[in-house]
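Q: Take a look at the following structure, please.
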Amino acid sequence: MIEDIELRKILDSRGNATVEAEVYTDVATGRFSCASGASTGEHEVVSFAGSVDKSIEHVDKEKLIGLSVFDQKGFDAKLHEIDGTENFSFIGGNVATALSIACARCAANTLSVPLYLYLGGRFATSLPLPLGNVLGGGKHAVGGTDIQEYLAISTAPRFIDRAFGNAAVHKKVKELLQKRFPEEAIGKGDEGAWVAKLSNEEALQMVKEACDSVSDSMGFSIRAGLDFAASELFDGTHYRYKEKKRTKEEQISFVAELVDKYGLYYVEDPLEEEDFDGFAQLTAQVGGKALICGDDLFVTNRARVVKGIELKAANCVLIKPNQVGTLSDTADTVDLARKNGYSTVVSHRSGETEDSTIAHLAIAFSSTGIKCGAVGGERIAKLNELIRLEEEL
Ligand code: PGA
Ligand code: ZN
């Protein structure tokens, strides 16, 4: 039984306020702190009701105390009831997510089993491919590329080698940037990816060169991927890049060409968040050779994934629990995706905390990937947890 609940305001990696929840039984505690996005989807639930403090005030803890810690669905239904809105705008989706996942953690700790095992069972044993952001721009950086994220994806048999592979690509990109811009200052964006004045395709060439070079020296394949975060580029009629603007049709052929030319493994949000049809056209063209993933398109929302499946809009769903607000809603979306042959990639947010729980979710959900950055304290928290879990598994 849940004996007590604590909510507090803490810092995220951008220095913004976010929330941490603790759930207690008489024998254990579970804690989770919730990250926040910068390039958020239109259909995500609301993160906070105005402020973190106000959201915390709005939670009627007495309604949660006394519930069974093992009844995750009941706990999450109660969160919806306390909130009373369609989009968690009263208690805030981040507060709901923090409580929901803290409840699961507390349940696992009460049983003295790891969270991945509590949620995923004995057959959830495979480690995800890490998608590491090594170069970027968009809403995560000032003065970088229009495309938000250039990702390295190491495919070594062991997770530890994948993590070090991505970190080595991150280092290699720095070396290439220093060679290219010997006189300029080079910075990092919110997720630790390098930021430099490169055109979108120059940046991809550089990341591809870095992937190939590290792949040769480490002896396993390292592929490149992109998150276009295309809603941020879309002005209502065109996709606006520094070099030119592209119509929907031009955007589709641009992305398809990049997939072919650079052997991309993964493409996220290549079209704006309402364009299921454009997604479907692209998936028909290149879905056989690359993961076409919806982030802002699906916002981890079951109903939007249902629509995506009907329209054959993608073959992969990005999973961010705070886009829907509870672990049960997240798990429903994952279930639906898996039953329909879609891959899932569990993801961090650009404003992260040191919490490593999403590492457990990636294993529990048997996800193909985890997008959690390549370097930086709040990013390696997840990678290092997966290195530990690989040892255990
Ligand atoms: P966000 O972006 O966390 O800033 O929303 C990450 C992403 O678009 O994948
Ligand atoms: Zn995204």
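The values are calculated or read from the model by the stated rules, or taken from the named source; none is laboratory data. Predicted, not measured: the structure shown is a model, and the values here were computed from it. Here the Cβ positions follow ideal geometry from the backbone for every residue, glycine too, while neighbour counts run over all protein chains shown. For accessibility, only protein heavy atoms count, side chains too; no ligands or nucleic acids. Shrake-Rupley method; radii C 1.70, N 1.55, O 1.52, S 1.80 Å.
Q: Which count do you get for residues in segment 371-393 that are more than 11 Å from G132 (Cβ to Cβ) and open to solvent by 10 Å² or more (accessible area, probe 1.4 Å)?
A: Summing the residues that are more than 11 Å from G132 (Cβ to Cβ) and open to solvent by 10 Å² or more (accessible area, probe 1.4 Å) in segment 371-393 gives 11.
Q: Take the conditions free of Cβ contacts under 8 Å to residues at least 60 places away in the same chain and farther than 15 Å from S366 by Cβ and apply them to G144. Does it pass? Step through it out loud before you land on a result.
A: Details: free of Cβ contacts under 8 Å to residues at least 60 places away in the same chain: yes; farther than 15 Å from S366 by Cβ: yes.
Yes, satisfied.
Q: Determine if segment 196-212 includes at least one residue that is crowded, with 19+ Cβ neighbours inside 10 Å, out of contact with any Lys or Arg (no Cβ under 6 Å at 6 or more places or on another chain) and in a loop (DSSP other than H, G, I, E, B).
A: There is at least one residue in segment 196-212 that is crowded, with 19+ Cβ neighbours inside 10 Å, out of contact with any Lys or Arg (no Cβ under 6 Å at 6 or more places or on another chain) and in a loop (DSSP other than H, G, I, E, B).
Q: Quick check on segment 241-257: of everything there that is closer than 13 Å to F228 by Cβ and touching a strand residue (DSSP E or B) at 6+ places or on another chain (Cβ under 7 Å), which residue is nearest to ligand 2 (Cβ to nearest atom)?
A: Looking at residues that are closer than 13 Å to F228 by Cβ and touching a strand residue (DSSP E or B) at 6+ places or on another chain (Cβ under 7 Å), I get V255.
Quick grid of which residues meet (1) open to solvent by 10 Å² or more (accessible area, probe 1.4 Å); (2) hydrophobic (A, V, I, L, M, F, W, C):
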site	(1), (2)
Y262	yes, no
P270	no, no
L327	no, yes
Y342	yes, no
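Q: Sticking with this one: Which residue, of V173, V169, is in contact (Cβ under 8 Å) with a residue 12 or more places away in the chain and in contact with a Cys (Cβ under 8 Å, 6 or more places away or on another chain)?
A: Details: V173 fails: in contact with a Cys (Cβ under 8 Å, 6 or more places away or on another chain).
On inspection, the qualifying residue turns out to be V169.
To keep it simple, each residue is scored yes or no on (1) assigned to a loop (DSSP other than H, G, I, E, B); (2) free of Cβ contacts under 8 Å to residues at least 12 places away in the same chain; (3) in the same structural domain as T300 (by TED's automatic domain parsing).
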site: R31; (1), (2), (3): no, no, no
site: G41; (1), (2), (3): yes, no, no
site: V45; (1), (2), (3): yes, no, no
site: S55; (1), (2), (3): no, no, no
site: V59; (1), (2), (3): yes, no, no
site: E62; (1), (2), (3): no, yes, no
site: G66; (1), (2), (3): yes, no, no
site: K73; (1), (2), (3): no, no, no
site: H80; (1), (2), (3): no, no, no
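Q: I want to confirm something. Restricting to segment 217-253 and keeping residues that are within 16 Å of ligand 1 (Cβ to nearest atom) and in a loop (DSSP other than H, G, I, E, B), which single residue is surrounded by the fewest Cβ atoms within 10 Å (Cβ to Cβ)?
A: L233
Q: Would you pick out the residues in segment 301-332 that are within 22 Å of L127 (Cβ to Cβ) and within 16 Å of ligand 1 (Cβ to nearest atom)?
A: First, pick out the residues of segment 301-332 that are within 22 Å of L127 (Cβ to Cβ): 315-321, 327, 330-331.
Within segment 301-332, C316, V317, L318, I319, K320, P321, T330 meet the criteria.
Q: From the set of residues in segment 16-29 that are in a strand (DSSP E or B) and touching a residue at least 60 places away in the same chain (Cβ under 8 Å), which is farthest from ligand 2 (Cβ to nearest atom)? Outline the logic, then answer.
A: In the first step, residues of segment 16-29 are kept if they are in a strand (DSSP E or B); the result is 17-24, 29.
Pick out the ones that are also touching a residue at least 60 places away in the same chain (Cβ under 8 Å) and you get 18-24, 29.
Numbers: T18: 19, V19: 22, E20: 24, A21: 25, E22: 29, V23: 29, Y24: 35, T29: 32 Å.
The extreme case among them is Y24.
Q: Only one residue in A362, A313 is touching a helix residue (DSSP H, G or I) at 6+ places or on another chain (Cβ under 7 Å) and either among the aliphatic types (A, V, I, L, M) or not in a loop (DSSP other than H, G, I, E, B) (or both), so which one is that? Explain how you work it out, then say what you get.
A: Values: A362 fails: touching a helix residue (DSSP H, G or I) at 6+ places or on another chain (Cβ under 7 Å).
None of the other options fit; the residue is A313.
Q: Working carefully through the options I309, I319, find the one that is surrounded by fewer than 24 Cβ atoms within 10 Å (Cβ to Cβ) and out of contact with any Leu (no Cβ under 6 Å at 6 or more places or on another chain). Can you show your working first?
A: Values: I319 fails: surrounded by fewer than 24 Cβ atoms within 10 Å (Cβ to Cβ).
Being surrounded by fewer than 24 Cβ atoms within 10 Å (Cβ to Cβ) and out of contact with any Leu (no Cβ under 6 Å at 6 or more places or on another chain) holds for just one of I309, I319, which is I309.
Q: Would you call I10 among the β-branched types (V, I, T), touching an Asp or Glu at 6+ places or on another chain (Cβ under 7 Å), open to solvent by 20 Å² or more (accessible area, probe 1.4 Å) and not in a loop (DSSP other than H, G, I, E, B)? Reasoning before the result, please.
A: Values: among the β-branched types (V, I, T): yes; touching an Asp or Glu at 6+ places or on another chain (Cβ under 7 Å): yes; open to solvent by 20 Å² or more (accessible area, probe 1.4 Å): yes; not in a loop (DSSP other than H, G, I, E, B): yes.
So I10 passes the test.
Q: Does D335 qualify as being within 16 Å of ligand 2 (Cβ to nearest atom) and either at pLDDT 95 or above or open to solvent by less than 30 Å² (accessible area, probe 1.4 Å) (or both)? Break it down into steps so the answer makes sense when it comes.
A: On the way: within 16 Å of ligand 2 (Cβ to nearest atom): no; either at pLDDT 95 or above or open to solvent by less than 30 Å² (accessible area, probe 1.4 Å) (or both): yes.
No, not satisfied.
Q: Within segment 113-140, how many residues turn out to be surrounded by fewer than 24 Cβ atoms within 10 Å (Cβ to Cβ), on the phi < 0 side of the Ramachandran plot and within 14 Å of ligand 2 (Cβ to nearest atom)?
A: Total meeting the criteria: 1.
Q: Would it be correct to say that E183 is open to solvent by 30 Å² or more (accessible area, probe 1.4 Å), without any contact (Cβ under 8 Å) to a residue 12 or more places away in the chain and in a helix (DSSP H, G or I)? So that I can check it myself, show each step before the final result.
A: Working: open to solvent by 30 Å² or more (accessible area, probe 1.4 Å): yes; without any contact (Cβ under 8 Å) to a residue 12 or more places away in the chain: yes; in a helix (DSSP H, G or I): no.
Spelling it out, it is not the case that E183 is open to solvent by 30 Å² or more (accessible area, probe 1.4 Å), without any contact (Cβ under 8 Å) to a residue 12 or more places away in the chain and in a helix (DSSP H, G or I).
Q: With the requirement that a residue be more than 12 Å from ligand 2 (Cβ to nearest atom), under 18 Å from Q281 (Cβ atoms) and in contact with an Asp or Glu (Cβ under 8 Å, 6 or more places away or on another chain), what does segment 294-312 give you?
A: Listed by number, the list holds a single entry, L311.
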